[in-house]
1. Of all the strands (runs of 3 or more DSSP E) wholly in region A:52-115, which have at least 1 residues that are within 11 Å of another protein chain (Cβ to nearest Cβ)?
2. Return yes or no: is residue A:58 under 26 Å from residue B:3 (Cβ atoms) and either under 15 Å from the mean Cα position of the chain (by Cα) or surrounded by fewer than 21 Cβ atoms within 10 Å (Cβ to Cβ) (or both)?
3. Have a look at B:37, B:54, B:50 and point out the one that is facing chain A (nearest Cβ under 10 Å) and surrounded by fewer than 19 Cβ atoms within 10 Å (Cβ to Cβ).
4. Just need a number here: residues in region B:73-117 that are of a type in the set (A, V, I, L, M, F, W, C) and more than 16 Å from residue B:37 (Cα to Cα).
5. Of the conditions (1) more than 14 Å from every other protein chain (Cβ to nearest Cβ); (2) over 14 Å from the mean Cα position of the chain (by Cα); (3) buried (at least 16 other Cβ atoms within 10 Å of the Cβ); (4) of a type outside the set (Ser, Thr, Tyr), residue B:78 fails just one. Which one is it?
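Coordinate-derived values only; no laboratory data. Predicted model, so just to flag it, every value in this text is computed and none were measured. Ideal geometry is used to build each Cβ from the backbone, glycine not excepted, and the neighbour counts take in all protein chains shown.
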Amino acid sequence: DSGVTQTPKHLITATGQRVTLRCSPRSGDLSVYWYQQSLDQGLQFLIQYYNGEERAKGNILERFSAQQFPDLHSELNLSSLELGDSALYFCASSVVGSGPPYEQYFGPGTRLTVT
Amino acid sequence: AQKITQTQPGMFVQEKEAVTLDCTYDTSDPSYGLFWYKQPSSGEMIFLIYQGSYDQQNATEGRYSLNFQKARKSANLVISASQLGDSAMYFCAMRPRARSGNTPLVFGKGTRLSVIA
């Protein structure tokens, strides 16, 4: 168990809908990363938050947005869903402290299926 | 831009044998970190091993070791004494600016390792 929790584990929804994925980082970790894993694109970085503020943006669509709350949990909002958004969405957290490796600990993922 | 290349989509290894999973990378950053993660069929991502670009020695963690050749820009993972539980997808990843913990990872496409009894 990495200590990172994600809910829900599975999500099935229809095209055009909106969903929210939730992530709680490990205790004490200030950085939260969101990644998307699909068969054709592999593992891609979407967005990062650090202590409540957006830190970096990757290949995140305009239909997607995220935020990190004062208690450090994060939510990824996906709207106007398309079939191609079906993927495994990971949240990861890392500590920024005394030195490398600063490995990222991944949650179990949310498997999104858009029908 | 950073790029990770894993040229082996799939590998087979006999139980108790050693196996090497290839990883090459491209970056213009003078300082970077290289990671290997394991993804079993259950889907979770498990951190295995880390190598910093300025580390003088190759990293080792139990049965995992990293064959780091900086001039060749390669960071191959060696698994010794393979076990059936090693069957999984393995991802090589890089983080630029190794001494900054606050940057996202760039992943390769992965290698699926199958261990045969």
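1. Details: elements: A:53-57, A:64-68, A:74-78, A:87-94, A:110-114.
Correct list: A:53-57, A:87-94, A:110-114.
2. Values: under 26 Å from residue B:3 (Cβ atoms): yes; either under 15 Å from the mean Cα position of the chain (by Cα) or surrounded by fewer than 21 Cβ atoms within 10 Å (Cβ to Cβ) (or both): yes.
For residue A:58, the condition - under 26 Å from residue B:3 (Cβ atoms) and either under 15 Å from the mean Cα position of the chain (by Cα) or surrounded by fewer than 21 Cβ atoms within 10 Å (Cβ to Cβ) (or both) - is met.
3. Numbers: B:37 fails: surrounded by fewer than 19 Cβ atoms within 10 Å (Cβ to Cβ); B:50 fails: surrounded by fewer than 19 Cβ atoms within 10 Å (Cβ to Cβ).
Result: B:54 is the single residue among B:37, B:54, B:50 that is facing chain A (nearest Cβ under 10 Å) and surrounded by fewer than 19 Cβ atoms within 10 Å (Cβ to Cβ).
4. As a first pass, look at region B:73-117 and keep what is of a type in the set (A, V, I, L, M, F, W, C): B:75, B:77-79, B:81, B:84, B:88-89, B:91-94, B:98, B:105-107, B:113, B:115-117.
Still in the running and more than 16 Å from residue B:37 (Cα to Cα): B:81, B:84, B:98, B:115-117.
Adding up the residues that qualify gives 6.
5. (2)
Results for (1) within 24 Å of residue B:91 (Cα to Cα); (2) touching a residue at least 40 places away in the same chain (Cβ under 8 Å), shown as yes or no for each residue.
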{"site": "A:5", "(1), (2)": "yes, yes"}
{"site": "A:9", "(1), (2)": "yes, yes"}
{"site": "A:17", "(1), (2)": "no, yes"}
{"site": "A:43", "(1), (2)": "yes, yes"}
{"site": "A:48", "(1), (2)": "yes, no"}
{"site": "A:51", "(1), (2)": "no, no"}
{"site": "A:70", "(1), (2)": "no, no"}
{"site": "A:79", "(1), (2)": "no, yes"}
